[in-house]
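J.: My questions will all concern the structure given below.
The values are calculated or read from the model by the stated rules, or taken from the named source; none is laboratory data. Note that the structure is predicted; figures quoted are calculated from it, not measured. So basically every Cβ, Gly included, is an ideal-geometry build from the backbone, and we count neighbours across all protein chains shown.
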Amino acid sequence: MNLTPFLALVALGGGLPEVEDVRYRMFDLGPARTGREAGFSVNSNGWVVGNRWVGPGWVWRPDRGWFQLPTYRGFRFTVGRAVNDRNEIACMLDGGGRNQAAVWSEAEGLRLIPMPPGLIFLWTFGMNNKGEIVGWAQQGESSVARGWLYRPGQGTVALGPAAGPFSALAKAVNGNTDVVGDSVLKKTLTAVAWPGGEGLTVLGHPPEGGVYVESVNDLGDITVTEGTVGVKQDVRWSDGRWEDLGSFPGTGQGWGAFWITDERWVFGATWLDGVPHAAIWRPGVGTRVLADLVDDSKLGYTIHAVLQASKNGLLTGWASKPGDRLTRPILLVPYPRRTKGG
């Protein structure tokens with residue numbers, strides 16, 4: 001499947017379309033094979049990385065299709081966790097109890113990311129376009145987890161822990177090296193941040209309860225999931241506030257917010273009639289089912305969730321068709337921006 005001409009139109013269109021013009025075309029990246037279920041991350045070149053939630057990862061790119069990342073002897077497999085616009089992929093090598101962080105590129109292959117002393121059994125999460133990568137690792141043999149930040153050419157540092165014997169997990173990093181994550185404080189899952197990759201700041205949680213942090217944009221807005229309710233947090237720590245994105249229109253059903261763009265568009269999923277459906281929230285517009293914005297390419301499919309958007313508005317997540325035993329990874333491509341008189 002060669003999407004290069006269509007993706008070139010997106011680049012010429014200047015990224016996300018006008019709010020009133022937005023439409024998407026959906027591309028099925030192939031039937032589920034050996035459990036390939038969902039796209040987790042997408043870059044502006046149309047590269048998608050994903051996996052079967054637990055198991056070997058995969059990469060899909062418009063000019064090559066599917067391929068699997070290499071691994072090292074002693075590790076069971078490699079999972080790609082995030083891809084940036086330089087086509088670098090943040091990876092986790094599964095060692096069956098002793099994982100290893102790594103980064104892969106076509107030019108340099110798979111390179112290990114050394115961890116600070118004392119950090120073991122780690123997980124890799126977010127990546128930005130500078131190649132900075134974040135994740136978390138267990139501190140020695142204890143149950144305490146520490147966030148970590150890798151900077152190319154500078155190595156990896158352990159991020160400051162939360163107050164007391166509590167874990168603090170690093171989940172995402174933006175272009176300003178603002179790292180966000182979550183920690184259990186006073187028995188409640190709480191959003192935290194390391195602005196500029198430095199000292200830890202507690203962002204708190206909404207009155208309704210604890211949150212899992214999902215993403216951060218370059219403005220510092222974050223998305224979290226709170227059960228099935230999506231909220232985002234203003235990055236201004238001194239007067240930060242929670243903004244509840246509200247329930248899904250006509251149902252009273254909340255939803256999970258997985259990704260926020262620099263335009264403050266939020267993507268995620270909501271449950272309708274017991275089935276997850278991809279959702280989108282836009283400033284001044286509100287929430288709606290994403291499938292309403294997809295052309296006839298969606299016919300026969302249920303689009304279940306969007307997990308990430310690229311800088312130029314490409315989306316990835318998962319969908320299914322009747323009879324599918326496993327869900328299918330998808331790529332959603334926005335139509336080009338319309339110009340005046342066009």
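J.: Which of the residues spanning the range 193-209 are surrounded by fewer than 18 Cβ atoms within 10 Å (Cβ to Cβ) and part of a loop (DSSP other than H, G, I, E, B)?
T.: If the condition is that a residue be surrounded by fewer than 18 Cβ atoms within 10 Å (Cβ to Cβ) and part of a loop (DSSP other than H, G, I, E, B), then E198, G199, P206, P207, E208, G209 are the ones that fit.
J.: Those residues that are more than 15 Å from the chain's Cα centre (by Cα) and among the β-branched types (V, I, T), I need them from the range 284-317; list them, please.
T.: Answer for the range 284-317, where residues must be more than 15 Å from the chain's Cα centre (by Cα) and among the β-branched types (V, I, T): V285, T287, V289, V294, T302, I303.
J.: Looking at the range 56-87 only, could you name the residues that are of a type in the set (G, A, S) and outside any strand (DSSP E or B)?
T.: G74
J.: Taking K130 and the conditions (1) out of contact with any Ser or Thr (no Cβ under 8 Å at 6 or more places or on another chain); (2) of a type outside the set (G, A, S); (3) touching a residue at least 12 places away in the same chain (Cβ under 8 Å), which numbered condition does it fall short on, given that it satisfies the others?
T.: It fails just one condition, (1).
J.: Mind checking whether some residue in the range 324-337 is without any contact (Cβ under 8 Å) to a residue 60 or more places away in the chain and crowded, with 20+ Cβ neighbours inside 10 Å?
T.: no
J.: Looking at (1) modelled with pLDDT of 90 or more; (2) part of a strand (DSSP E or B); (3) surrounded by fewer than 22 Cβ atoms within 10 Å (Cβ to Cβ); (4) among the hydroxyl-bearing types (S, T, Y), can you tell me which one T177 breaks?
T.: That leaves (2) as the condition not met.
J.: Only one of (1) at pLDDT below 85; (2) on the phi < 0 side of the Ramachandran plot is not met by K187, so which one is it?
T.: K187 satisfies all of (1) at pLDDT below 85; (2) on the phi < 0 side of the Ramachandran plot except (2).
J.: If only one of A32, A107, A102 is part of a strand (DSSP E or B) and either out of contact with any Gly (no Cβ under 7 Å at 6 or more places or on another chain) or modelled with pLDDT of 95 or more (or both), which one is it? Walk me through how you get there before you give the answer.
T.: Details: A32 fails: part of a strand (DSSP E or B); A107 fails: part of a strand (DSSP E or B).
Residue meeting the stated conditions: A102.
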